[in-house]
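Below you'll find the structure, written out as structure tokens, and then a few comments.
Read-outs: derived from the displayed coordinates by stated rules, not from any lab. In this text the structure is predicted, and so the values were computed from the model without any measurement. Note: ideal-geometry Cβ built from the backbone for every residue, glycine included; neighbour counts use all protein chains shown.
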Amino acid sequence: MTATDTYLLLRAFCDELARCGMEHACTSPGSRCTPIVLSLVREPRIRSWSHVDERCAGFFAVGAAKRSGRPVAVTCTSGTAAANLAPAVIEAWHARVPLIVLSADRPAELREVGAGQTIDQLKLYGDAVKWFFEVGVDAADERTLRWIRTLACRAYWTAISGRPGPVHLNFPLREPLVLDGEIPGDGTGRDREQPYVMFDAPLPPPVTRSAQPPSGRIVIVAGQNRDPGAGARIARLAAESGIPLLADPLSGARRGPTAVAHYDLLLREPGFAGAHRPQFVIRTGDLPTSKPLRAWLAGLDAAQIAFDPDGVWHDPDSVVGMRIQAPLVGHPVQTDPQWLDSWRAADGAVAEAIERTIGSETPSEPLVARSLGRWLDARATLFVASSMPIRDVEEFLSARDDGPRVLSNRGANGIDGTVSAAFGAAAAAEGPVVLLIGDVALAHDIGGLMAARRLGLPLTIVLLNNDGGGIFHFLPVAGQTDAFEQHVATPHGLNFAHAAALYDCRLERPETLDELKAAVGASVAAGATTVIEVRTDRVENLALHRRVADAALAALRTT
Ligand SMILES: Cc1ncc(C[n+]2csc(CCOP(=O)(O)OP(=O)(O)O)c2C)c(N)n1
């Protein structure tokens, strides 16, 4: 195999990825991956984003694929570089994100013989990929060029079809890794624009009688889904039938006249939860994060039906009695108007209790989450970190028909790679992207900030800095005082102004909600990456959440 063979094959491979519809790829530096990197970069229809850290590259690709819904390729050199992509691959597997990993490897004669930077890369990501393929080395002739074109199409369509997810192609590459001079034409006459292999997925199976639940006390529970249009469709169906809609903001369905935004607080009140037991639950998408919602669903004796186009099994309490492998569609049904009114009235009372308790001046964690949901419009993307930000967004965001698209790494619930994933979303989004993140998650992926200057990408980062993991104060471990602070809460005392300076980002420290609003607006308008730091206190944050819950419960008891 000569360098000409390598580059002819890889050029054909990248050409097919672009024909299939690929728009973004991520590269990271190395020697062995040179032919893949150069081939991607020289493919004009694919925008290649360069990263220093493979972990950042992987999560950036996940963010871009989540936002665009299209497969994104990520390439890396051999050895631990490929292992650094594992967290992103795992997130992509769980969150159904089409990711195409192109790892470079040593050829067979250099494996297990002490050659440098060589590890076993075969099936490196185990069952977290839909497909692994060892590409092999070969001469570029008419047959192998045809084959590599079909391989690229197969990788692309495998990643996106059915239940989307990651695929991994491992490319053993022989030296020389650089080609001096032009790559000759390959004689395959690929002048039309269509991919070598077209792909047509079958339509989802028709939904039969089970889409029409019995009339009466019905609720719809909507969680994260990968279809940006699904939320509006679900809300329309709920509105036509007058069904209370308990929708996680990640579903895009927290909208419309039947939305019950504050189910997390409502269902903490035993009287309310008991009196609002439905006869029928329609679940769609992933299960929302809310613990009270999960516990309530687990304790119902109602019939529960789950719709998911990919047939994903989200039922930790084994209460779903019917699964339909299709998006939620159906016909309006008859429901009891008093049923909806009672949910809506309670939701309104809780909303008032929230507003009264969190006020409108001091930017506490709940108030920041609630306000971002109000300030950002439908053009914007709100990327939300795991830990308290995603919980606060679920608990406090109001229902809104023209709110932002909400994204999060909720496949595996990691706090890792969040900054990079948000930058990836910014690469693929047309409107502004705002990241809501805690300080530990930001510190974890601080290197992700490099994308700001190196890649010229704008991101508005609203940092809730409570100097440690505030979430752990809500857990029983908070009582283990001998180890809690140092080993669980992990305060770090970092001054993020230094990080902002290192990565050439702006830093703002608003004191009031008005100043925060102005800072977010200015950052979005400037199109530059800004870290907007809001200082909070972990202990006070716990107390505030308790006060909100108490106020909500009191309001419910008097409704
Ligand atoms: C990769 C990874 N490591 C560890 C965890 C466990 N974990 C969950 S939340 C959290 C702390 C997050 O703190 P921060 O980002 O500051 O948010 P806060 O809890 O203050 O809202 C940790 C370490 C995780 N989810 N993912």
### Query
Is it possible to state the helix-based mean residue ellipticity at 222 nm for the chain, with each DSSP H run of 4+ residues giving -39500 (n - 2.57), the sum divided by total residues, to the nearest 500 deg cm²/dmol? What is it?
-11500 deg cm²/dmol
### Task
Starting with the fewest neighbours, write out T357, T4, T75 ranked by other beta-carbon atoms found within 10 Å of each beta-carbon.
T4, T357, T75
### Distance between the range 472-490 and the range 52-116 - C-alpha centres, whole angstrom
34
### Query
Where does each of V384, V329, V37, V320 land when they are ranked from fewest to most other beta-carbon atoms within 10 angstrom?
V329, V320, V37, V384
### Query
Taking the alpha-carbon set of the range 418-466, what are its Rg and Dmax in Å?
10.2, 32
### Query
Looking only at Cα atoms, what is the convex hull volume of the range 480-559 per residue, in Å³?
144
### Query
Which is the longest stretch in the chain that no exposed loop site breaks, taking sites as GluC sites (Glu not before Pro) with a DSSP loop state and at most 12 other Cβ atoms within 10 Å?
194-360
### Query
For the chain, what mean projected area does the convex hull of the alpha carbons give, in nm²?
27.1
### Query
So how long is each side of the range 148-195 along the principal axes, counting just the alpha-carbon atoms, biggest first, in Å?
42, 30, 11
### Summary
From fewest to most C-beta neighbours within 10 Å, the residues S364, S371, S420, S39 line up as S371, S364, S39, S420
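Place a +1 charge on the Cβ of each Lys and Arg in the chain and a -1 charge on the Cβ of each Asp and Glu, then give the dipole magnitude about the Cα centre in debye, rounded to the nearest 20. Intermediate results must be reported in sequence, preceding the final value.
Details: 55 positive and 64 negative charges, 218 e Å.
Dipole about the Cα centre, nearest 20: 1040 debye.
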#### Entry: Gyration tensor (Cα) of the range 56-167, equivalent ellipsoid semi-axes in angstrom
24, 19, 11
### Task
Compute the distribution of all C-alpha to C-alpha distances in the range 57-115, in bins of 5 Å from 0, and list the percent of pairs in each, rounded to whole numbers.
4, 20, 27, 18, 12, 9, 6, 3, 0
### Task
Compare the Cα positions of T512, A489, A500 along the charge dipole of the range 480-559 (+1 at Cβ of Lys, Arg; -1 at Cβ of Asp, Glu; about the Cα centre) and return the one farthest towards the positive end.
T512
### Query
Which is the longest part of the chain that has none of the chymotrypsin sites (Phe, Trp or Tyr not before Pro) sitting in a DSSP loop with at most 16 other Cβ atoms within 10 Å?
314-559
### Task
In whole Å, largest first, what are the principal axis extents of the Cα atoms in the range 456-508?
44, 17, 16
### Message
Going Cα to Cα from K123, which lysines come in below 29 Å? Please leave out same-chain ones fewer than 8 positions away.
### Response
K66
### Task
Can you give me the span-like helices of the chain, meaning DSSP H runs with 27 Å or more of Cα extent along the axis and Kyte-Doolittle mean at or above -1.0?
142-160, 337-358, 538-558
